[in-house]
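The values are calculated or read from the model by the stated rules, or taken from the named source; none is laboratory data. Small disclaimer: the values here were computed from a predicted structure and weren't measured. Reconstructed Cβ throughout: ideal geometry from the backbone, glycine too, with neighbour counts over all protein chains shown. Just the protein is used for accessible areas: all its heavy atoms, side chains included, with ligands, DNA and RNA removed. Shrake-Rupley method; radii C 1.70, N 1.55, O 1.52, S 1.80 Å.
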Amino acid sequence: MTLPATLAATTTVATTCPYCGVGCGVKASVRQDGQIDVVGDDAHGSNYGRLCVKGSALGETVDLHGRLLYPKVDGQRASWDTALDRVAGGLRRIIDQHGPDAVALYVSGQLLTEDYYVANKLMKGYVGTANIDTNSRLCMSSAVAGHKRAFGEDLVPVCYEDLEQADLVVLVGSNTAWCHPIIFQRIAKAKEARPEMKLVVIDPRRTATCELADLHLPVRAGTDVWLFNGLLSFLHQHGVMDAGFVDQHTSDVARTLAIADNTAGDVRSVARACKIAEHDLLEFYRMFARTEKVITAFSQGVNQSSAGTDKVNSIINCHLLTGRIGKPGMGPFSITGQPNAMGGREVGGLANMLASHMDLGNPRHRDTVQEFWDSPRIADKPGLKAVDLFKAIEDGKIKAVWIMATNPVVSLPDADQVKRALAKCELVISSDIIDKTDTNSFAHVLLPALGWGEKDGTVTNSERRISRQRKFLAAPGEARADWDIVCDVARRMGYEGFDFDGAHAVFDEHARLSAFRNDGQRCFDLSGLVGLGAAGFDAMQPVQWPVLRSPLPPAGEGLGERVSVNVGRADSESFTDTLSPTPLPQAGEGTKRLFEDQRYFHLDGKAHFVPTPVRAPANAISEEYPLVLNTGRVRDQWHTMTRTGKSPKLADHVPEPFVDMHPQDALISGVRVGELARVSTRWGSLVARVQHGGGIPRGNIFVPIHWNSQFASDARVGSLVNPVVDPISGEPEFKHTPVRVDEFRVLWHGFVLSRQELQMENTTWWTRIQGRQFLRYEIAGRDKAMDRSAWARSLFGADDPEADWIEYEDRTAGVYRAALVVNDRIECCVFISPRPDLPSRAWLASLFVKDELEEIDRVGLLVGEPVEKGADTGPTVCSCFGVGRNTICAAIRDKGLKTTAEITGCLKAGGNCGSCVPELKKLLAEVRATETA
């Protein structure tokens with residue numbers, strides 16, 4: 001493994017995790033051997049030192065294997081000048097011939113705020129088009145639209161501390177235990193300290209999060225508006241309403257209540273629509289009604305819907321009616337998916353927004369931004385949102401697209417349409433850290449960008465906390481920061497206003513724009529962070545916006561020399577305020593909670609109720625497609641695995657793509673657990689292994705989003721997802737696509753462990769998993785007459801006369817096993833059988849960390865299991881400490897462990913991020929059930 005170079009002065013650097021929207025602070029240090037150690041930052045207000053397994057494994061993901069290190073043009077290495085001239089010249093030519101709307105940028109919540117800012121400035125202020133959208137459209141745009149409709153601005157009113165202070169936490173459409181583990185642990189710790197605190201989980205699946213819940217409502221997919229309209233009507237009918245707050249600080253309550261009463265005024269009807277027990281629904285409604293301090297936290301299960309925006313507003317309506325907002329321990333809480341989706345929203349990264357929370361449709365706002373930028377033009381109409389943008393590429397309306405830090409061929413719905421679009425596009429540019437991705441194969445120009453640990457800037461998490469990402473690794477090869485690449489292209493296109501001398505200068509302009517012509521009219525305000533300079537920016541501590549300027553001290557108080565800080569136009573010092581010297585914001589300053597003054601950001605200063613009519617998902621199930629496909633994350637992987645796929649620690653828990661379904665649906669579909677199945681929709685298909693996780697209701701299946709052509713032969717779930725979007729937010733309906741499941745018939749199953757990367761393209765089905773000092777391939781095939789021995793020898797290059805080639809074959813049974821040992825060190829092994837129940841991979845994997853096999857290892861090698869009892873630890877349950885299922889079950893039985901705390905005390909499992917605790921509870925129950933049977 002090639003390790004990255006470190007900065008000469010590197011010791012320990014405080015930075016921020018690049019994964020989910022929790023935004024955990026981490027401390028990274030580089031050992032003398034070049035290995036990276038990552039631990040939680042005890043001082044960071046988002047996590048206080050806690051880290052999930054993905055954050056803990058960051059050091060395993062920063063090697064240079066597979067990195068894009070140099071620019072490429074038409075598949076060949078090129079200089080930066082050649083590549084950027086091709087980009088700038090191509091964009092300029094297309095704009096001149098076809099107009100500014102013929103070009104587009106598709107960016108990402110993986111970018112830093114500074115990268116986002118200059119990309120948005122280039123497109124909306126200089127090119128003059130709003131055709132810049134982001135993959136945040138796929139996860140958070142319904143929340144954005146709902147916030148704007150309710151509050152007048154995209155505002156998250158609460159903070160993580162509110163989750164700990166609440167007496168009732170309602171999690172809607174969020175497997176928080178797996179997708180936001182540190183938030184879940186904060187809730188779990190609070191509940192442990194206050195057992196009277198209640199947790200309700202609303203999710204069609206019974207996920208790991210439900211193991212902590214006092215009540216789980218397995219609602220039918222797509223019925224959230226029925227549920228919350230019913231809650232709103234119930235609250236009103238029973239007099240649970242803050243009349244003073246509603247009268248003074250809200251509008252349109254009567255019409256909203258009328259819609260709620262008409263669509264969901266009867267509890268029995270709501271229960272029937274949602275397919276949940278009436279007594280459970282009533283229990284939830286009563287819990288909400290009698291509990292003042294309520295947080296309703298929601299994520300992708302709400303947002304990713306053709307009715308996502310209405311779902312968001314139906315939740316907010318309930319908090320407005322009861323006045324449970326703007327106070328400690330209460331409010332609606334959108335849990336953000338990506339590390340900087342919030343930062344992208346701040347700078348106008350969505351196609352229908354301007355920077356600094358200003359509106360593209362507001363002439364005054366357009367004038368404000370254009371004057372500040374002193375730009376030659378300003379976009380005056382919304383651009384194309386993500387799904388429509390790629391349709392326009394296929395239709396030939398957009399002729400150039402620049403993709404940054406995202407993989408739309410995998411992640412967008414109807415992903416095969418994205419492939420068709422990029423194949424037809426005149427100019428495809430991709431800025432990325434990885435050379436080979438499903439998307440990059442279509443790029444005419446590849447631009448190497450900096451990755452985590454190499455780049456420098458800011459991100460904003462779900463609670464509006466701005467944190468620094470700091471560099472502690474040297475730039476590899478010729479990679480450059482995304483903001484720097486964009487600025488270079490802008491200058492080559494003849495634009496001024498892109499001469500920044502560092503990320504701090506970009507941030508400063510971003511902060512000044514937030515203050516320009518603001519005067520309290522916009523909540524988003526970073527005036528207190530203006531003028532930090534390079535040193536101040538480097539030292540900046542995490543802080544929650546808005547961050548306002550300190551007022552001038554009263555006359556005669558003599559707080560030192562007054563300074564002039566520019567809060568005006570980007571190119572001018574003419575708009576300045578005289579401020580007192582202000583110390584840099586420290587952790588905890590800024591604004592913890594919004595709306596404590598009951599002031600909102602509509603023109604009338606009020607929050608707005610939004611009527612939310614009920615409607616079913618756009619595509620209904622049918623005889624041909626009788627099941628509902630739900631998609632989402634698994635615990636230890638992230639997005640399309642370009643980073644997490646490198647980590648052995650993260651690969652063990654869920655090693656391959658799967659389809660989770662109810663046993664009765666599997667029986668009807670003709671598929672069996674452990675075997676392969678084809679999952680098909682009108683838009684595409686994939687092949688995955690069937691499992692019964694125990695949490696899927698009848699009529700539904702779940703398939704994870706992560707796998708793609710770099711890691712599996714046929715597993716892109718995006719190709720299956722329907723392209724219908726919410727009419728307001730443009731967010732796709734990832735949670736409800738009609739689907740069918742059929743047997744994927746193969747003649748044999750197998751797996752390979754190898755120290756060398758192997759070519760598996762000719763195998764019928766394969767998936768690749770990163771192990772510790774080896775790669776693992778799960779394989780299956782249809783070639784009955786294959787000479788197994790010749791195939792294996794050819795695959796492994798087993799022609800070294802000094803090597804030991806060990807093999808066993810039973811042709812009648814269809815069983816084949818072989819291993820290659822060189823100098824008493826295992827190089828590779830293969831196991832093939834007509835059945836999928838092959839030997840455990842865990843013990844065989846442990847042989848690859850040995851420099852030399854022992855004789856007892858050789859005895860067990862072809863059998864595929866150890867001679868010694870207990871040597872096979874089983875599939876990984878706790879990734880943080882590498883504790884396997886067999887080890888845990890044996891400890892429960894042999895030592896009489898009865899609680900998860902006892903398991904942690906004995907084996908450490910569950911003692912770090914805690915995301916495996918729900919699985920530990922299941923194992924306790926399983927072992928008890930076995931003992932009493």
Just to be sure I understand the filter: pairs with C-beta atoms under 8 Å, separated by 6 or more residues or on different chains, first member in the stretch 542-555 and closer than 24 Å to GLY23 by Cβ, second member crowded, with 20+ Cβ neighbours inside 10 Å and modelled with pLDDT under 50. Which pairs pass?
VAL543/PRO585; VAL547/PRO585
Of the residues that sit in the stretch 862-883 and are over 18 Å from ARG772 (Cβ atoms) and not charged (D, E, K, R), which one is surrounded by the most Cβ atoms within 10 Å (Cβ to Cβ)?
GLY864
In the set ARG672, ARG682, ARG740, ARG678, the lone residue that is over 27 Å from GLU919 (Cα atoms), open to solvent by 40 Å² or more (accessible area, probe 1.4 Å), part of a loop (DSSP other than H, G, I, E, B) and among the charged types (D, E, K, R) is ARG682
Is it true that ILE276 is of a type in the set (Val, Ile, Thr), under 20 Å from HIS319 (Cβ atoms), under 33 Å from the mean Cα position of the chain (by Cα) and open to solvent by less than 30 Å² (accessible area, probe 1.4 Å)?
no
Could you list all residues from the stretch 217-244 that are crowded, with 22+ Cβ neighbours inside 10 Å, closer than 26 Å to VAL634 by Cα, of a type outside the set (Ser, Thr, Tyr) and in contact with a Cys (Cβ under 6 Å, 6 or more places away or on another chain)?
VAL219
Only residues that are in a helix (DSSP H, G or I) and under 21 Å from the mean Cα position of the chain (by Cα): list them for the stretch 24-83, please.
VAL53, LYS54, GLY55, SER56, LEU58, GLY59, GLU60
Collect the residues in the stretch 771-806 that are open to solvent by 50 Å² or more (accessible area, probe 1.4 Å) and either assigned to a loop (DSSP other than H, G, I, E, B) or within 21 Å of ALA712 (Cβ to Cβ) (or both), keeping them in residue-number order.
ARG772, GLN773, ARG782, ASP783, LYS784, ALA785, ASP787, TRP791, ASP799, ASP800, PRO801, GLU802
Where THR291 falls short, out of the listed (1) out of contact with any Lys or Arg (no Cβ under 6 Å at 6 or more places or on another chain); (2) open to solvent by 60 Å² or more (accessible area, probe 1.4 Å):
(2)
If we keep just the residues of the stretch 634-653 that are assigned to a helix (DSSP H, G or I) and either touching a helix residue (DSSP H, G or I) at 6+ places or on another chain (Cβ under 7 Å) or on the phi > 0 side of the Ramachandran plot (or both), which is surrounded by the fewest Cβ atoms within 10 Å (Cβ to Cβ)?
LYS646
Residue by residue through the stretch 479-505, note down the ones that are among the charged types (D, E, K, R) and under 26 Å from GLY453 (Cβ atoms).
ARG480, ASP482, ASP484, ASP488, ASP501
Within the stretch 452-463, can one find any residue that is closer than 25 Å to SER356 by Cβ, outside any strand (DSSP E or B), out of contact with any strand residue (DSSP E or B) (no Cβ under 9 Å at 6 or more places or on another chain) and open to solvent by 10 Å² or more (accessible area, probe 1.4 Å)?
no
Scan the stretch 466-477 and tell me whether some residue there is open to solvent by 30 Å² or more (accessible area, probe 1.4 Å), touching a residue at least 60 places away in the same chain (Cβ under 8 Å) and out of contact with any strand residue (DSSP E or B) (no Cβ under 9 Å at 6 or more places or on another chain).
no
Quick check: anything in the stretch 283-294 closer than 11 Å to ASN229 by Cα, hydroxyl-bearing (Ser, Thr, Tyr) and touching a residue at least 60 places away in the same chain (Cβ under 8 Å)?
no
Can you list the helices (runs of 4 or more DSSP H) lying wholly within the stretch 829-933 that have 2 or more residues being in contact with a Pro (Cβ under 9 Å, 6 or more places away or on another chain)?
841-847, 855-861, 885-895
Between CYS828, CYS880, which is under 26 Å from ASP894 (Cα atoms) and under 35 Å from the mean Cα position of the chain (by Cα)?
CYS880
Residue under question is PHE500, and the condition is that it be surrounded by fewer than 20 Cβ atoms within 10 Å (Cβ to Cβ) and in contact (Cβ under 8 Å) with a residue 24 or more places away in the chain; does it hold?
yes
Scope the stretch 703-725; condition within 14 Å of GLY684 (Cα to Cα) and not in a loop (DSSP other than H, G, I, E, B); matching residues
VAL703, VAL717, GLY718, SER719
Some residue of the stretch 92-100 being crowded, with 24+ Cβ neighbours inside 10 Å and either of a type in the set (Ser, Thr, Tyr) or more than 27 Å from ILE316 (Cβ to Cβ) (or both)
no
Let me spell it out: the conditions are (1) over 21 Å from ALA539 (Cα atoms); (2) assigned to a helix (DSSP H, G or I), and TRP483 meets all of them except one. Which number is the exception?
(1)
Count - residues of the stretch 354-391 that are farther than 22 Å from VAL530 by Cβ and either in contact (Cβ under 8 Å) with a residue 12 or more places away in the chain or in contact with a Gly (Cβ under 7 Å, 6 or more places away or on another chain) (or both):
19
